[in-house]
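**Student:** Before I ask anything, here is the structure I am working with.
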Amino acid sequence: MPQTRLGDGTVARIVPSPYTTGSELVVDGTPQSHVDLRDPSHLHFEYVERMGAVIDRLRMPGQPLTAVHLGAGALTIPRYVEHTRPGSRQQVIELEPALVDLVREHLPLPKGAAIRIRIGDARAGLSRLPASMTGNVDLLVSDVYAGAQTPAHLTTVEFYTAVSHLLASDGVLLVNVADGAGLPFARRQIATVRAVFAHVIVLAEVQVLKGRRFGNIVIAASHAPMPTEWLPRLMAAGPHPAKVAQGAELDELARGLRPVTDADATPSPKPSATLFGR
């Protein structure tokens, strides 16, 4: 199977999906991306499907977007945006050149796609984007993992403030947050994003949002109100029973928690080694 060793010593592999006709990118034993080259609209992973549900409601259907993606993975969401909104202008920032080479060779991007990949740290790379993007980004996706953990410096008020400067007045930030029992990390992330953005919602499978098992939640944030009346029905339809948390429910989740700063940030929790066992 195609594989490469990354700068931190972990191994990235592209393997056939055990569940679909697509492929999975697995890093250090953790499945990180799913790609179906024949159907880029097939997102497969539950949290990615929820991100896709929000992306579908940005602007008018099919309208091109200006998007920034922090963390390349196998470029699942950039492929989805290009497929559903041809002509979109997209920038991807990825730390690992070997990972980019592996994906480009074995899961090539569509010809003609306006997807530029920049090598470097996600946070430092924000300041190196074209000046014309400041205040004009419709979508910014933060889904960065070193192995199975989000680096600490991508979880802070200072980081989200830098992100906020890139977004258009109604642009949307999507953050993938993984956490386990009680959601101690995710709850502080909610408090942190709310310290920067006026409008925040959370999408997650019900048992994950209740802190009963390890899983992914999606934080969506914007300077402007986000239309949410369609989300509860959409989330209840699947994958798996899911819900939207907002308003008073987020108040309760973040109650008494200080936003994370550069001075006290920690990486996201590492999942159990048995979590992704086949």
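The values are calculated or read from the model by the stated rules, or taken from the named source; none is laboratory data. Bear in mind that the values here come from a model prediction, so they are computed numbers and not experimental data. Positions of Cβ are generated from backbone atoms using ideal geometry, with glycine treated the same way; all protein chains shown enter the neighbour counts.
**Student:** Looking only at segment 15-71, count how many residues are small (Gly, Ala, Ser), touching a residue at least 40 places away in the same chain (Cβ under 8 Å) and closer than 24 Å to Met1 by Cβ.
**Tutor:** Residues meeting the conditions: 4.
**Student:** Output the number of the condition that Leu129 fails; it satisfies all remaining conditions of (1) surrounded by fewer than 20 Cβ atoms within 10 Å (Cβ to Cβ); (2) over 20 Å from Thr156 (Cβ atoms); (3) of a type in the set (A, V, I, L, M, F, W, C).
**Tutor:** For Leu129, the exception is condition (2).
**Student:** Conditions: (1) surrounded by 18 or more Cβ atoms within 10 Å (Cβ to Cβ); (2) within 27 Å of Phe214 (Cα to Cα). Arg85 meets all but one. Number of the miss?
**Tutor:** If we test Arg85 against (1) surrounded by 18 or more Cβ atoms within 10 Å (Cβ to Cβ); (2) within 27 Å of Phe214 (Cα to Cα), just (2) comes out false.
**Student:** OK, next. Among what's in segment 109-136 and is in a loop (DSSP other than H, G, I, E, B) and in contact (Cβ under 8 Å) with a residue 60 or more places away in the chain, pick the residue that is farthest from Leu70 (Cα to Cα).
**Tutor:** Only one residue tops the list, namely Pro110.
**Student:** How do the strands (runs of 3 or more DSSP E) wholly within segment 1-103 filter down when requiring 1 or more residues that are touching a Gly at 6+ places or on another chain (Cβ under 7 Å) and over 24 Å from Ile201 (Cβ atoms): which remain?
**Tutor:** Qualifying strands (runs of 3 or more DSSP E): 23-27, 30-35, 89-94.
**Student:** So which residues in segment 31-52 are out of contact with any His (no Cβ under 6 Å at 6 or more places or on another chain) and closer than 12 Å to Val15 by Cα, if there are any at all?
**Tutor:** Answer for segment 31-52, where residues must be out of contact with any His (no Cβ under 6 Å at 6 or more places or on another chain) and closer than 12 Å to Val15 by Cα: Pro31, Gln32, Ser33, Val35.
**Student:** Here's something else I'd like to know. Residue check: is Thr161 of a type outside the set (A, V, I, L, M) and surrounded by fewer than 18 Cβ atoms within 10 Å (Cβ to Cβ)?
**Tutor:** Here the answer is yes, as Thr161 does meet what is asked.
**Student:** Just checking, which of Val175, Val144, Val163 is assigned to a strand (DSSP E or B), in contact (Cβ under 8 Å) with a residue 12 or more places away in the chain, aliphatic (A, V, I, L, M) and closer than 15 Å to His69 by Cβ?
**Tutor:** Going through Val175, Val144, Val163 in turn, the sole match is Val175.
**Student:** Being surrounded by fewer than 21 Cβ atoms within 10 Å (Cβ to Cβ), of a type in the set (D, E, K, R) and at pLDDT below 95 is the filter here, so list the residues in segment 175-226 that pass it.
**Tutor:** Lys210, Arg212, Arg213
**Student:** Of the residues Arg79, Arg59, which is of a type in the set (Lys, Arg) and either under 18 Å from the mean Cα position of the chain (by Cα) or at pLDDT 95 or above (or both)?
**Tutor:** The match here is Arg79.
**Student:** When residues of segment 192-206 are filtered for being closer than 26 Å to Thr134 by Cβ and either in a helix (DSSP H, G or I) or of a type in the set (A, V, I, L, M, F, W, C) (or both), how many remain?
**Tutor:** Count: 9.
**Student:** Right, here's the next one. Check off (1) surrounded by 14 or more Cβ atoms within 10 Å (Cβ to Cβ); (2) over 26 Å from Met133 (Cβ atoms) for Ile55 and give me the number that stays unchecked.
**Tutor:** Ile55 satisfies all of (1) surrounded by 14 or more Cβ atoms within 10 Å (Cβ to Cβ); (2) over 26 Å from Met133 (Cβ atoms) except (2).
**Student:** Here's something else I'd like to know. Within segment 178-203, how many residues turn out to be hydrophobic (A, V, I, L, M, F, W, C), touching a residue at least 60 places away in the same chain (Cβ under 8 Å) and in contact with a Gly (Cβ under 8 Å, 6 or more places away or on another chain)?
**Tutor:** Looking only at that region, the number is 2.
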